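What follows is one structure encoded as C-alpha coordinates, with my remarks underneath.
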Amino acid sequence: METTPRTIAELVAARWGDHRPGLWCGDRVLTQHEAAAGAAARAALLADLLPAGAVPHVGVLLDNTEEFPLWLGAAALAGAAVAGINPTRRGPELARDVRHTECRILVTERARLPLLAGLDLPGVRLLVTDTPEYGALLAPYSGAVPDPSRAAPADRLLLYFTSGSTGAPKAAICSQGRLTAAGQALVRQFGVRADDVHYICMPMFHGNAVIADWAPALAAGAGVALRRRFSASAFLPDVRRYRATYFTYVGRAIQYLLATEPRPDDREHPLRLGFGTEAGAADAAAFERRFGARLVEGYGSSEGGAAVQWAPGTPRGAVGPAGPGLAVLDPATGRECPRAVLDRAGRLLNGDEAIGELVNRGPNPFEGYWRNPAAEAERRRGGAYWTGDLFYRDADGYLYFAGRTDDRIRVDGENLAAAMIENIVARYAGARAVAVYGVPDPVTGDQVMATIAGSFDPGGFTEFLAAQPDLGTKMAPRFVRVVERMPVTATNKIERARLRREGYRCADPVWWRPPGEESYRRLTREDAEGPLALAKDPSISCAARDSNPGPAD
(Lines give C-alpha, C1' and ligand atoms only; values in the text may rest on other atoms or scores of the structure.)
Protein backbone atom coordinates (compact mmCIF):
# COMPACT_ATOMS: atom_id res chain seq x y z
CA MET A 1 0.00 0.00 0.00
CA GLU A 2 1.40 3.37 -1.05
CA THR A 3 1.92 5.80 1.81
CA THR A 4 1.44 9.56 1.67
CA PRO A 5 4.76 11.44 1.71
CA ARG A 6 5.40 13.22 5.01
CA THR A 7 8.59 15.10 4.14
CA ILE A 8 9.85 17.34 1.37
CA ALA A 9 12.76 14.91 1.01
CA GLU A 10 10.33 12.16 0.00
CA LEU A 11 8.68 14.45 -2.56
CA VAL A 12 12.08 15.35 -4.06
CA ALA A 13 13.11 11.70 -4.24
CA ALA A 14 9.80 10.81 -5.91
CA ARG A 15 10.85 12.85 -8.98
CA TRP A 16 13.85 10.57 -9.60
CA GLY A 17 13.31 8.79 -12.91
CA ASP A 18 10.67 11.29 -14.09
CA HIS A 19 12.00 12.68 -17.38
CA ARG A 20 9.26 15.21 -18.06
CA PRO A 21 10.34 18.88 -18.14
CA GLY A 22 10.12 20.12 -14.57
CA LEU A 23 12.10 23.32 -13.96
CA TRP A 24 12.37 26.30 -16.30
CA CYS A 25 14.66 29.26 -15.68
CA GLY A 26 15.13 31.56 -18.65
CA ASP A 27 16.25 29.41 -21.56
CA ARG A 28 17.42 26.54 -19.36
CA VAL A 29 15.15 23.55 -18.73
CA LEU A 30 15.73 20.69 -16.29
CA THR A 31 13.68 17.53 -16.22
CA GLN A 32 12.11 16.42 -12.97
CA HIS A 33 14.84 13.77 -12.75
CA GLU A 34 17.61 16.31 -13.33
CA ALA A 35 16.18 18.56 -10.62
CA ALA A 36 16.12 15.65 -8.16
CA ALA A 37 19.68 14.72 -9.15
CA GLY A 38 20.82 18.32 -8.69
CA ALA A 39 19.29 18.40 -5.21
CA ALA A 40 20.99 15.11 -4.33
CA ALA A 41 24.40 16.38 -5.49
CA ARG A 42 24.07 19.54 -3.40
CA ALA A 43 22.89 17.52 -0.39
CA ALA A 44 26.03 15.38 -0.59
CA LEU A 45 28.21 18.49 -0.95
CA LEU A 46 26.47 20.08 2.02
CA ALA A 47 27.12 17.04 4.21
CA ASP A 48 30.84 17.33 3.49
CA LEU A 49 31.07 21.10 3.86
CA LEU A 50 29.21 21.60 7.15
CA PRO A 51 31.64 21.62 10.09
CA ALA A 52 31.12 18.89 12.67
CA GLY A 53 28.61 19.97 15.28
CA ALA A 54 27.47 23.04 13.31
CA VAL A 55 23.80 23.97 13.18
CA PRO A 56 22.72 22.65 9.73
CA HIS A 57 21.62 25.98 8.28
CA VAL A 58 22.40 27.24 4.77
CA GLY A 59 21.86 30.88 3.85
CA VAL A 60 20.61 31.48 0.30
CA LEU A 61 21.13 34.98 -1.10
CA LEU A 62 19.84 34.54 -4.65
CA ASP A 63 17.26 35.82 -7.07
CA ASN A 64 14.83 33.24 -8.42
CA THR A 65 17.38 31.12 -10.26
CA GLU A 66 17.36 27.33 -10.62
CA GLU A 67 19.82 27.13 -7.70
CA PHE A 68 17.19 28.26 -5.21
CA PRO A 69 14.79 25.29 -5.53
CA LEU A 70 17.76 22.93 -5.95
CA TRP A 71 19.14 24.05 -2.59
CA LEU A 72 15.71 23.74 -0.98
CA GLY A 73 15.63 20.14 -2.16
CA ALA A 74 19.22 19.62 -1.04
CA ALA A 75 18.51 20.90 2.45
CA ALA A 76 15.48 18.61 2.70
CA LEU A 77 17.51 15.55 1.71
CA ALA A 78 20.33 16.49 4.10
CA GLY A 79 18.04 17.19 7.07
CA ALA A 80 19.17 20.84 6.98
CA ALA A 81 17.38 24.19 6.72
CA VAL A 82 17.51 27.08 4.25
CA ALA A 83 17.50 30.64 5.54
CA GLY A 84 16.21 32.95 2.82
CA ILE A 85 18.36 36.09 2.94
CA ASN A 86 16.63 39.27 1.81
CA PRO A 87 18.77 41.10 -0.79
CA THR A 88 17.13 44.44 0.01
CA ARG A 89 18.83 44.42 3.41
CA ARG A 90 22.16 46.21 3.60
CA GLY A 91 25.38 46.34 5.60
CA PRO A 92 25.19 45.36 9.27
CA GLU A 93 21.49 44.42 8.94
CA LEU A 94 22.29 41.89 6.21
CA ALA A 95 25.20 40.50 8.22
CA ARG A 96 22.95 40.27 11.27
CA ASP A 97 20.44 38.09 9.38
CA VAL A 98 23.18 35.63 8.32
CA ARG A 99 24.74 35.50 11.79
CA HIS A 100 21.40 35.28 13.61
CA THR A 101 20.37 32.18 11.66
CA GLU A 102 23.82 30.65 12.26
CA CYS A 103 24.54 29.95 8.60
CA ARG A 104 27.98 28.44 8.12
CA ILE A 105 27.42 28.31 4.35
CA LEU A 106 26.03 31.14 2.24
CA VAL A 107 24.98 30.39 -1.34
CA THR A 108 25.00 33.46 -3.58
CA GLU A 109 25.90 34.68 -7.07
CA ARG A 110 28.37 37.18 -8.45
CA ALA A 111 25.77 39.93 -8.81
CA ARG A 112 25.20 39.82 -5.03
CA LEU A 113 28.86 39.89 -3.96
CA PRO A 114 28.94 43.70 -3.60
CA LEU A 115 26.32 43.37 -0.85
CA LEU A 116 28.71 41.19 1.13
CA ALA A 117 31.84 43.28 0.68
CA GLY A 118 33.31 44.29 4.02
CA LEU A 119 30.68 42.50 6.14
CA ASP A 120 31.63 40.78 9.38
CA LEU A 121 30.73 37.14 8.67
CA PRO A 122 33.24 35.03 10.60
CA GLY A 123 33.23 31.33 9.79
CA VAL A 124 30.83 31.69 6.86
CA ARG A 125 31.85 29.96 3.63
CA LEU A 126 30.62 31.49 0.36
CA LEU A 127 29.45 29.33 -2.55
CA VAL A 128 29.13 31.51 -5.66
CA THR A 129 26.91 29.59 -8.04
CA ASP A 130 27.84 31.21 -11.36
CA THR A 131 31.59 30.54 -11.16
CA PRO A 132 33.80 27.72 -12.48
CA GLU A 133 34.90 26.99 -8.91
CA TYR A 134 31.32 26.13 -7.93
CA GLY A 135 30.96 23.75 -10.84
CA ALA A 136 34.24 22.06 -9.94
CA LEU A 137 33.11 21.74 -6.33
CA LEU A 138 29.87 20.00 -7.36
CA ALA A 139 31.36 17.73 -10.01
CA PRO A 140 32.48 14.87 -7.68
CA TYR A 141 28.90 14.54 -6.39
CA SER A 142 27.19 14.32 -9.79
CA GLY A 143 26.32 10.65 -9.27
CA ALA A 144 24.49 11.16 -5.98
CA VAL A 145 21.06 9.56 -5.65
CA PRO A 146 18.34 11.23 -3.51
CA ASP A 147 17.93 9.37 -0.22
CA PRO A 148 15.03 10.66 1.88
CA SER A 149 15.76 8.42 4.86
CA ARG A 150 17.77 11.11 6.69
CA ALA A 151 14.78 13.45 6.90
CA ALA A 152 11.96 13.51 9.43
CA PRO A 153 8.74 15.57 9.41
CA ALA A 154 9.89 17.55 12.46
CA ASP A 155 13.18 18.64 10.85
CA ARG A 156 13.55 22.38 10.27
CA LEU A 157 13.54 23.19 6.56
CA LEU A 158 12.83 26.91 6.26
CA LEU A 159 13.90 29.96 8.22
CA TYR A 160 12.17 32.89 6.58
CA PHE A 161 12.21 36.40 7.90
CA THR A 162 9.00 38.20 8.78
CA SER A 163 8.50 41.94 8.87
CA GLY A 164 10.95 43.99 10.89
CA SER A 165 8.58 46.95 11.37
CA THR A 166 8.73 46.54 15.14
CA GLY A 167 12.38 45.59 15.43
CA ALA A 168 14.82 43.27 13.73
CA PRO A 169 13.16 40.73 11.40
CA LYS A 170 12.23 37.44 13.06
CA ALA A 171 13.19 34.11 11.49
CA ALA A 172 10.05 31.98 11.46
CA ILE A 173 10.56 28.22 11.49
CA CYS A 174 8.85 25.87 9.06
CA SER A 175 9.43 22.13 9.31
CA GLN A 176 9.44 19.58 6.51
CA GLY A 177 6.18 18.16 7.79
CA ARG A 178 4.39 21.53 7.82
CA LEU A 179 5.61 22.51 4.36
CA THR A 180 4.65 19.10 2.95
CA ALA A 181 1.18 19.28 4.48
CA ALA A 182 0.71 22.84 3.18
CA GLY A 183 1.65 21.80 -0.34
CA GLN A 184 -0.67 18.79 -0.26
CA ALA A 185 -3.54 20.91 1.07
CA LEU A 186 -3.18 23.38 -1.81
CA VAL A 187 -3.08 20.51 -4.30
CA ARG A 188 -6.46 19.38 -2.97
CA GLN A 189 -7.89 22.90 -2.75
CA PHE A 190 -6.99 23.92 -6.30
CA GLY A 191 -6.90 20.56 -8.05
CA VAL A 192 -3.22 20.84 -9.02
CA ARG A 193 -2.25 18.25 -11.63
CA ALA A 194 1.08 16.82 -12.73
CA ASP A 195 0.75 18.58 -16.10
CA ASP A 196 0.36 22.02 -14.50
CA VAL A 197 3.13 24.60 -14.51
CA HIS A 198 3.52 26.92 -11.52
CA TYR A 199 4.96 30.33 -12.32
CA ILE A 200 7.09 31.70 -9.47
CA CYS A 201 7.58 35.44 -9.88
CA MET A 202 7.53 36.34 -6.18
CA PRO A 203 10.94 36.13 -4.45
CA MET A 204 11.79 32.72 -3.06
CA PHE A 205 13.42 34.10 0.07
CA HIS A 206 9.83 34.88 1.15
CA GLY A 207 7.43 32.26 2.47
CA ASN A 208 4.71 32.97 -0.12
CA ALA A 209 6.69 31.67 -3.10
CA VAL A 210 7.93 28.54 -1.34
CA ILE A 211 4.86 27.55 0.66
CA ALA A 212 2.08 28.51 -1.76
CA ASP A 213 3.79 27.98 -5.15
CA TRP A 214 6.80 25.64 -5.01
CA ALA A 215 5.46 23.20 -2.40
CA PRO A 216 2.14 22.35 -4.14
CA ALA A 217 3.98 21.93 -7.46
CA LEU A 218 6.41 19.52 -5.82
CA ALA A 219 3.57 17.65 -4.09
CA ALA A 220 1.69 17.17 -7.37
CA GLY A 221 4.71 16.53 -9.58
CA ALA A 222 3.91 19.73 -11.52
CA GLY A 223 6.47 21.89 -13.29
CA VAL A 224 7.95 25.13 -11.97
CA ALA A 225 8.89 28.17 -14.06
CA LEU A 226 11.04 30.81 -12.41
CA ARG A 227 11.18 34.55 -13.03
CA ARG A 228 14.39 36.06 -11.63
CA ARG A 229 12.46 39.09 -10.38
CA PHE A 230 8.86 40.14 -10.78
CA SER A 231 8.13 42.11 -13.94
CA ALA A 232 4.63 43.29 -14.85
CA SER A 233 5.50 43.71 -18.53
CA ALA A 234 7.07 40.22 -18.75
CA PHE A 235 4.24 38.47 -16.88
CA LEU A 236 2.01 37.44 -19.81
CA PRO A 237 4.91 36.66 -22.17
CA ASP A 238 6.32 34.36 -19.49
CA VAL A 239 2.95 32.71 -18.84
CA ARG A 240 2.60 31.94 -22.56
CA ARG A 241 6.22 30.85 -22.96
CA TYR A 242 6.11 28.34 -20.09
CA ARG A 243 2.42 27.41 -20.49
CA ALA A 244 1.92 28.43 -16.86
CA THR A 245 -1.43 27.62 -15.25
CA TYR A 246 -0.99 28.95 -11.69
CA PHE A 247 0.88 31.72 -9.87
CA THR A 248 0.99 33.38 -6.48
CA TYR A 249 1.21 37.04 -5.56
CA VAL A 250 1.59 39.31 -2.56
CA GLY A 251 1.49 43.04 -2.05
CA ARG A 252 0.73 45.24 -5.03
CA ALA A 253 1.71 42.87 -7.84
CA ILE A 254 -1.87 42.73 -9.18
CA GLN A 255 -2.09 46.53 -9.34
CA TYR A 256 1.11 46.61 -11.40
CA LEU A 257 -0.28 44.00 -13.79
CA LEU A 258 -3.50 45.97 -14.22
CA ALA A 259 -1.47 49.12 -14.89
CA THR A 260 0.10 47.60 -18.02
CA GLU A 261 -1.33 48.65 -21.37
CA PRO A 262 -4.39 46.52 -22.27
CA ARG A 263 -4.03 44.37 -25.40
CA PRO A 264 -6.58 42.49 -27.51
CA ASP A 265 -4.85 39.18 -26.69
CA ASP A 266 -4.86 39.63 -22.89
CA ARG A 267 -7.00 36.49 -22.51
CA GLU A 268 -4.91 34.31 -24.82
CA HIS A 269 -2.95 32.25 -22.32
CA PRO A 270 -3.30 29.01 -20.29
CA LEU A 271 -3.38 30.68 -16.87
CA ARG A 272 -6.40 29.65 -14.83
CA LEU A 273 -5.69 30.72 -11.25
CA GLY A 274 -3.77 33.13 -9.07
CA PHE A 275 -3.57 32.70 -5.30
CA GLY A 276 -2.41 35.37 -2.90
CA THR A 277 -3.23 38.24 -0.64
CA GLU A 278 -3.68 42.01 -0.62
CA ALA A 279 -5.09 42.35 -4.14
CA GLY A 280 -8.42 43.68 -2.86
CA ALA A 281 -11.87 42.81 -4.19
CA ALA A 282 -11.94 45.53 -6.86
CA ASP A 283 -8.57 44.58 -8.35
CA ALA A 284 -9.35 40.87 -8.21
CA ALA A 285 -12.55 41.46 -10.19
CA ALA A 286 -10.74 43.71 -12.68
CA PHE A 287 -8.03 41.06 -13.17
CA GLU A 288 -10.59 38.37 -13.96
CA ARG A 289 -12.48 40.65 -16.36
CA ARG A 290 -9.34 41.58 -18.26
CA PHE A 291 -7.28 38.39 -18.20
CA GLY A 292 -9.98 35.77 -17.75
CA ALA A 293 -8.18 34.07 -14.83
CA ARG A 294 -9.62 33.84 -11.34
CA LEU A 295 -7.82 35.21 -8.31
CA VAL A 296 -8.39 33.55 -4.95
CA GLU A 297 -7.62 35.79 -2.02
CA GLY A 298 -6.60 33.93 1.09
CA TYR A 299 -5.18 34.77 4.46
CA GLY A 300 -2.48 32.93 6.30
CA SER A 301 -0.01 34.25 8.82
CA SER A 302 3.55 33.68 7.65
CA GLU A 303 4.25 31.69 10.79
CA GLY A 304 1.37 29.28 10.18
CA GLY A 305 -0.56 30.19 13.32
CA ALA A 306 -3.86 31.10 11.62
CA ALA A 307 -5.45 30.77 8.20
CA VAL A 308 -8.73 31.76 6.56
CA GLN A 309 -9.87 30.05 3.37
CA TRP A 310 -12.34 31.41 0.89
CA ALA A 311 -15.48 29.30 0.52
CA PRO A 312 -18.52 29.47 -1.78
CA GLY A 313 -20.95 32.08 -0.51
CA THR A 314 -18.25 34.36 0.89
CA PRO A 315 -19.50 37.97 0.58
CA ARG A 316 -17.68 40.48 -1.59
CA GLY A 317 -14.80 41.97 0.38
CA ALA A 318 -14.62 39.14 2.92
CA VAL A 319 -11.70 36.72 3.12
CA GLY A 320 -13.76 33.72 4.15
CA PRO A 321 -15.65 32.13 7.05
CA ALA A 322 -14.09 31.95 10.50
CA GLY A 323 -12.89 28.41 11.09
CA PRO A 324 -12.83 26.65 14.46
CA GLY A 325 -10.85 28.55 17.06
CA LEU A 326 -10.67 31.85 15.17
CA ALA A 327 -11.95 34.94 16.97
CA VAL A 328 -11.64 38.72 16.73
CA LEU A 329 -10.49 40.01 20.11
CA ASP A 330 -9.89 43.41 21.64
CA PRO A 331 -6.11 43.43 22.30
CA ALA A 332 -6.55 45.61 25.38
CA THR A 333 -9.14 43.46 27.16
CA GLY A 334 -8.88 40.06 25.46
CA ARG A 335 -12.66 40.04 25.02
CA GLU A 336 -14.34 39.14 21.73
CA CYS A 337 -15.30 42.17 19.66
CA PRO A 338 -18.98 42.73 18.76
CA ARG A 339 -20.04 41.54 15.33
CA ALA A 340 -19.72 44.06 12.52
CA VAL A 341 -22.76 46.05 11.45
CA LEU A 342 -22.75 46.73 7.70
CA ASP A 343 -25.12 48.92 5.72
CA ARG A 344 -26.42 48.00 2.26
CA ALA A 345 -23.32 49.46 0.61
CA GLY A 346 -21.09 47.24 2.74
CA ARG A 347 -19.89 50.15 4.87
CA LEU A 348 -18.82 49.18 8.36
CA LEU A 349 -20.89 51.21 10.81
CA ASN A 350 -19.30 50.17 14.10
CA GLY A 351 -15.62 49.88 13.25
CA ASP A 352 -14.48 51.34 16.55
CA GLU A 353 -15.82 48.35 18.47
CA ALA A 354 -15.93 45.64 15.77
CA ILE A 355 -12.30 45.79 14.59
CA GLY A 356 -9.87 43.77 16.64
CA GLU A 357 -6.96 41.37 16.32
CA LEU A 358 -7.47 37.96 14.73
CA VAL A 359 -6.63 35.28 17.29
CA ASN A 360 -6.51 31.52 16.94
CA ARG A 361 -7.59 29.90 20.19
CA GLY A 362 -7.46 26.39 18.73
CA PRO A 363 -4.59 24.08 17.80
CA ASN A 364 -2.22 25.57 15.24
CA PRO A 365 1.07 24.63 13.55
CA PHE A 366 3.08 27.70 14.64
CA GLU A 367 6.61 26.37 15.16
CA GLY A 368 8.21 29.42 16.70
CA TYR A 369 11.03 31.79 15.81
CA TRP A 370 14.68 30.91 15.67
CA ARG A 371 16.31 31.94 18.96
CA ASN A 372 13.73 34.63 19.76
CA PRO A 373 11.72 33.65 22.85
CA ALA A 374 10.42 37.21 23.38
CA ALA A 375 8.84 37.28 19.91
CA GLU A 376 7.35 33.82 20.47
CA ALA A 377 5.84 34.95 23.75
CA GLU A 378 4.26 37.93 22.00
CA ARG A 379 2.59 35.59 19.52
CA ARG A 380 1.60 32.99 22.10
CA ARG A 381 -0.41 34.75 24.77
CA GLY A 382 -2.92 33.12 27.06
CA GLY A 383 -2.67 29.81 25.22
CA ALA A 384 -3.70 31.41 21.91
CA TYR A 385 -1.93 32.60 18.77
CA TRP A 386 -2.21 36.38 18.19
CA THR A 387 -1.71 37.17 14.51
CA GLY A 388 -0.92 40.89 14.69
CA ASP A 389 -3.57 41.47 11.99
CA LEU A 390 -6.80 43.42 12.25
CA PHE A 391 -10.11 41.87 11.22
CA TYR A 392 -13.81 42.24 11.80
CA ARG A 393 -16.47 39.53 11.69
CA ASP A 394 -20.00 39.95 10.35
CA ALA A 395 -23.20 38.48 11.74
CA ASP A 396 -22.87 35.41 9.53
CA GLY A 397 -19.34 34.64 10.72
CA TYR A 398 -17.38 35.88 7.70
CA LEU A 399 -14.05 37.57 8.35
CA TYR A 400 -12.85 40.81 6.73
CA PHE A 401 -9.21 41.89 6.70
CA ALA A 402 -8.67 45.39 8.11
CA GLY A 403 -4.87 45.75 8.08
CA ARG A 404 -1.99 45.27 10.47
CA THR A 405 -2.34 46.20 14.12
CA ASP A 406 0.06 49.07 13.52
CA ASP A 407 -2.13 50.24 10.59
CA ARG A 408 -4.95 51.32 12.88
CA ILE A 409 -5.68 55.05 12.58
CA ARG A 410 -7.42 56.90 15.41
CA VAL A 411 -9.25 60.00 14.19
CA ASP A 412 -11.30 62.09 16.63
CA GLY A 413 -11.70 59.19 19.02
CA GLU A 414 -12.74 56.71 16.31
CA ASN A 415 -10.59 53.75 15.29
CA LEU A 416 -10.26 53.33 11.52
CA ALA A 417 -8.59 50.52 9.57
CA ALA A 418 -6.17 51.75 6.94
CA ALA A 419 -6.90 48.77 4.68
CA MET A 420 -10.59 49.69 4.41
CA ILE A 421 -9.82 53.26 3.35
CA GLU A 422 -7.16 52.00 0.99
CA ASN A 423 -9.61 49.75 -0.83
CA ILE A 424 -11.93 52.72 -1.38
CA VAL A 425 -9.24 55.13 -2.57
CA ALA A 426 -7.90 52.42 -4.91
CA ARG A 427 -11.05 52.88 -7.01
CA TYR A 428 -9.88 56.37 -8.01
CA ALA A 429 -9.25 56.34 -11.75
CA GLY A 430 -5.83 57.98 -11.53
CA ALA A 431 -4.42 55.55 -8.98
CA ARG A 432 -2.11 52.73 -10.03
CA ALA A 433 -1.28 51.95 -6.39
CA VAL A 434 -2.47 53.33 -3.06
CA ALA A 435 -1.21 53.32 0.52
CA VAL A 436 -3.14 54.74 3.45
CA TYR A 437 -1.67 55.38 6.89
CA GLY A 438 -1.93 57.66 9.87
CA VAL A 439 0.14 60.76 10.57
CA PRO A 440 0.09 62.58 13.90
CA ASP A 441 -2.62 65.18 14.38
CA PRO A 442 -1.25 68.51 15.67
CA VAL A 443 -3.47 68.23 18.75
CA THR A 444 -4.13 64.56 19.45
CA GLY A 445 -4.63 61.27 17.67
CA ASP A 446 -4.07 60.89 13.93
CA GLN A 447 -5.01 62.26 10.55
CA VAL A 448 -5.53 60.07 7.47
CA MET A 449 -2.87 60.35 4.79
CA ALA A 450 -2.83 58.60 1.41
CA THR A 451 -0.01 58.12 -1.06
CA ILE A 452 -1.17 57.65 -4.65
CA ALA A 453 1.09 56.38 -7.41
CA GLY A 454 -0.30 57.74 -10.65
CA SER A 455 -2.07 60.93 -11.64
CA PHE A 456 -4.02 63.23 -9.34
CA ASP A 457 -6.60 65.92 -9.99
CA PRO A 458 -7.69 67.65 -6.76
CA GLY A 459 -11.15 68.54 -8.01
CA GLY A 460 -11.77 65.15 -9.51
CA PHE A 461 -10.54 63.44 -6.37
CA THR A 462 -12.92 65.51 -4.23
CA GLU A 463 -15.83 64.51 -6.47
CA PHE A 464 -14.70 60.89 -6.40
CA LEU A 465 -14.69 60.79 -2.59
CA ALA A 466 -18.15 62.35 -2.40
CA ALA A 467 -19.50 59.60 -4.66
CA GLN A 468 -18.24 56.67 -2.56
CA PRO A 469 -21.16 55.29 -0.54
CA ASP A 470 -18.95 53.36 1.89
CA LEU A 471 -16.60 56.22 2.78
CA GLY A 472 -17.23 57.10 6.41
CA THR A 473 -17.23 60.67 7.63
CA LYS A 474 -13.76 60.36 9.22
CA MET A 475 -12.14 58.38 6.39
CA ALA A 476 -11.42 61.03 3.75
CA PRO A 477 -7.65 61.61 3.56
CA ARG A 478 -6.52 64.91 5.00
CA PHE A 479 -3.28 64.64 3.01
CA VAL A 480 -2.52 63.08 -0.39
CA ARG A 481 1.05 62.46 -1.48
CA VAL A 482 1.52 61.86 -5.20
CA VAL A 483 4.42 59.70 -6.42
CA GLU A 484 5.46 58.23 -9.75
CA ARG A 485 6.09 54.80 -8.23
CA MET A 486 5.12 53.40 -4.86
CA PRO A 487 8.08 52.49 -2.63
CA VAL A 488 7.88 48.74 -2.11
CA THR A 489 9.93 45.94 -0.60
CA ALA A 490 11.38 43.05 -2.59
CA THR A 491 8.07 41.20 -2.03
CA ASN A 492 6.05 44.09 -3.52
CA LYS A 493 4.72 45.11 -0.15
CA ILE A 494 4.43 48.85 0.32
CA GLU A 495 7.00 50.39 2.67
CA ARG A 496 4.38 51.85 5.00
CA ALA A 497 6.83 52.46 7.82
CA ARG A 498 8.87 54.69 5.53
CA LEU A 499 5.80 56.58 4.28
CA ARG A 500 4.52 57.03 7.81
CA ARG A 501 7.91 58.25 8.96
CA GLU A 502 8.23 60.78 6.13
CA GLY A 503 4.66 62.04 6.58
CA TYR A 504 3.66 65.14 4.65
CA ARG A 505 7.11 66.74 5.00
CA CYS A 506 8.57 64.98 1.99
CA ALA A 507 10.05 65.83 -1.39
CA ASP A 508 6.99 64.69 -3.38
CA PRO A 509 3.98 66.91 -4.10
CA VAL A 510 1.44 66.79 -1.26
CA TRP A 511 -2.14 68.01 -1.48
CA TRP A 512 -4.23 68.66 1.59
CA ARG A 513 -7.74 69.51 2.62
CA PRO A 514 -7.55 72.33 5.19
CA PRO A 515 -9.92 72.08 8.16
CA GLY A 516 -13.39 73.30 7.29
CA GLU A 517 -12.75 73.05 3.52
CA GLU A 518 -14.08 70.47 1.09
CA SER A 519 -11.45 70.67 -1.67
CA TYR A 520 -7.74 69.92 -1.84
CA ARG A 521 -4.91 72.34 -2.54
CA ARG A 522 -1.12 72.06 -2.67
CA LEU A 523 0.57 71.94 0.70
CA THR A 524 3.15 74.69 1.06
CA ARG A 525 6.05 75.02 3.43
CA GLU A 526 4.16 77.82 5.12
CA ASP A 527 1.21 75.46 5.67
CA ALA A 528 3.41 72.75 7.17
CA GLU A 529 5.30 75.09 9.46
CA GLY A 530 2.54 77.57 10.23
CA PRO A 531 -1.24 77.14 10.18
CA LEU A 532 -1.07 73.35 9.83
CA ALA A 533 0.85 72.98 13.05
CA LEU A 534 -1.98 74.71 14.90
CA ALA A 535 -4.91 73.57 12.77
CA LYS A 536 -8.10 72.41 14.39
CA ASP A 537 -11.09 71.15 12.50
CA PRO A 538 -14.09 73.24 13.57
CA SER A 539 -16.36 70.27 12.93
CA ILE A 540 -14.73 68.44 15.84
CA SER A 541 -15.81 69.44 19.31
CA CYS A 542 -13.33 70.20 22.07
CA ALA A 543 -15.01 67.55 24.18
CA ALA A 544 -14.33 64.92 21.53
CA ARG A 545 -10.71 65.99 21.34
CA ASP A 546 -10.26 66.01 25.08
CA SER A 547 -11.72 62.52 25.41
CA ASN A 548 -9.43 61.06 22.73
CA PRO A 549 -6.74 59.00 24.49
CA GLY A 550 -4.47 59.04 21.43
CA PRO A 551 -3.41 56.42 18.93
CA ALA A 552 -4.00 52.80 19.79
CA ASP A 553 -0.95 50.57 19.97
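The values are calculated or read from the model by the stated rules, or taken from the named source; none is laboratory data. This structure is a prediction, so every number in the text was calculated from the model and none was measured. FYI the Cβ positions are ideal-geometry reconstructions off the backbone, even for glycines, and counts take in every protein chain you see.
Tell me, which strands (runs of 3 or more DSSP E) wholly within the stretch 371-429 include 1 or more residues that are closer than 14 Å to SER301 by Cβ, modelled with pLDDT of 90 or more and within 20 Å of the chain's Cα centre (by Cα)?
In the stretch 371-429, the matching strands (runs of 3 or more DSSP E) lie at 384-393, 398-404.
When you go through ARG294, ARG289, ARG241, ARG335 one by one, which is the residue that is within 17 Å of ASP213 (Cα to Cα) and among the basic types (Lys, Arg)?
On the way: ARG289 fails: within 17 Å of ASP213 (Cα to Cα); ARG241 fails: within 17 Å of ASP213 (Cα to Cα); ARG335 fails: within 17 Å of ASP213 (Cα to Cα).
So the residue among ARG294, ARG289, ARG241, ARG335 that is within 17 Å of ASP213 (Cα to Cα) and among the basic types (Lys, Arg) is ARG294.
Wholly within the stretch 1-86, which strands (runs of 3 or more DSSP E) include no fewer than the required count, namely at least 2 residues that are under 21 Å from SER142 (Cβ atoms) and in contact with a Gly (Cβ under 9 Å, 6 or more places away or on another chain)? Even if it seems obvious, please write down each step before you answer.
Details: elements: 21-25, 28-31, 57-60, 81-84.
The qualifying strands (runs of 3 or more DSSP E) are 21-25, 28-31.
Kindly list, by first and then second residue, each pair from a residue in the stretch 49-66 that is of a type in the set (S, T, N, Q) to a residue that is part of a strand (DSSP E or B) and surrounded by fewer than 22 Cβ atoms within 10 Å (Cβ to Cβ), limited to pairs with Cβ atoms under 7 Å and residues at least 6 apart or on different chains.
THR65/CYS25
Taking the condition of being of a type in the set (S, T, N, Q), touching a residue at least 12 places away in the same chain (Cβ under 8 Å) and out of contact with any strand residue (DSSP E or B) (no Cβ under 7 Å at 6 or more places or on another chain), how many residues in the stretch 308-363 meet it?
Qualifying residue count, the stretch 308-363: 1.
With respect to THR462, is the statement that it is among the β-branched types (Val, Ile, Thr), out of contact with any helix residue (DSSP H, G or I) (no Cβ under 7 Å at 6 or more places or on another chain) and either modelled with pLDDT under 90 or assigned to a loop (DSSP other than H, G, I, E, B) (or both) true?
no
Can ALA282 be described as out of contact with any strand residue (DSSP E or B) (no Cβ under 8 Å at 6 or more places or on another chain), more than 23 Å from TRP386 (Cα to Cα) and either of a type in the set (A, V, I, L, M, F, W, C) or surrounded by 14 or more Cβ atoms within 10 Å (Cβ to Cβ) (or both)?
Taking the combined requirement at face value, the residue satisfies it.
When you scan the stretch 13-35, do you find a residue that is crowded, with 17+ Cβ neighbours inside 10 Å, touching a Lys or Arg at 6+ places or on another chain (Cβ under 6 Å), in contact (Cβ under 8 Å) with a residue 40 or more places away in the chain and of a type outside the set (Ser, Thr, Tyr), even just one?
yes
Does ARG361 satisfy being at pLDDT below 90 and basic (Lys, Arg)? Reasoning before the result, please.
Working: at pLDDT below 90: no; basic (Lys, Arg): yes.
So ARG361 does not fit the description; no.
Being buried (at least 21 other Cβ atoms within 10 Å of the Cβ) and either modelled with pLDDT under 90 or part of a loop (DSSP other than H, G, I, E, B) (or both) narrows it down to one residue among GLY305, GLY274, GLY346, GLY334; which is it? Spell out the reasoning first.
Values: GLY274 fails: either modelled with pLDDT under 90 or part of a loop (DSSP other than H, G, I, E, B) (or both); GLY346 fails: buried (at least 21 other Cβ atoms within 10 Å of the Cβ); GLY334 fails: buried (at least 21 other Cβ atoms within 10 Å of the Cβ).
Checking each option against the conditions leaves just GLY305.
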